[in-house]
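Undergrad: Mind having a look at this structure? Questions to follow.
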């Protein structure tokens, strides 16, 4: 359990550094085809399907890397 917390903390620190220093290059994220935005008079909804699919793929690759090389 402690390894999971350490890896999660490491991932959060690295992603925070990336978003802090390279945020202007990541403006496309959240505006991908498949990210649905519905704007009406008194109602707004945002459903980021493609963005969440991309994050899921990246997290699975990272987890697979850790499982394979840090066992």
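Undergrad: List every residue pair whose Cβ atoms lie under 7 Å apart, where the two residues are 6 or more positions apart in sequence or sit on different chains, the first residue falls within region 30-55 and is on the phi > 0 side of the Ramachandran plot, and the second residue, located anywhere, is surrounded by 13 or more Cβ atoms within 10 Å (Cβ to Cβ) and assigned to a helix (DSSP H, G or I).
TA: Filtered contacts from region 30-55: 30/51; 34/50.
Undergrad: I'd like the residue in region 4-33 that is in contact with a helix residue (DSSP H, G or I) (Cβ under 9 Å, 6 or more places away or on another chain) and outside any loop (DSSP other than H, G, I, E, B) and, out of all such residues, is modelled with the highest pLDDT.
TA: Among those residues, the one meeting the criterion is 18.
Undergrad: Give the residues of region 15-33 that are within 23 Å of residue 5 (Cβ to Cβ) and surrounded by 10 or more Cβ atoms within 10 Å (Cβ to Cβ), sorted by residue number.
TA: Correct list: 15, 16, 17, 18, 19.
Undergrad: Out of everything in region 34-71 that is in contact with a helix residue (DSSP H, G or I) (Cβ under 9 Å, 6 or more places away or on another chain) and under 18 Å from residue 11 (Cβ atoms), what residue ends up being surrounded by the fewest Cβ atoms within 10 Å (Cβ to Cβ)?
TA: 70
The values are calculated or read from the model by the stated rules, or taken from the named source; none is laboratory data. Fair warning: this is a prediction, and the values are worked out from it, not measured in the lab. Quick reminder, even Gly has a Cβ in these numbers, built from the backbone with ideal geometry, and neighbours come from all protein chains shown.
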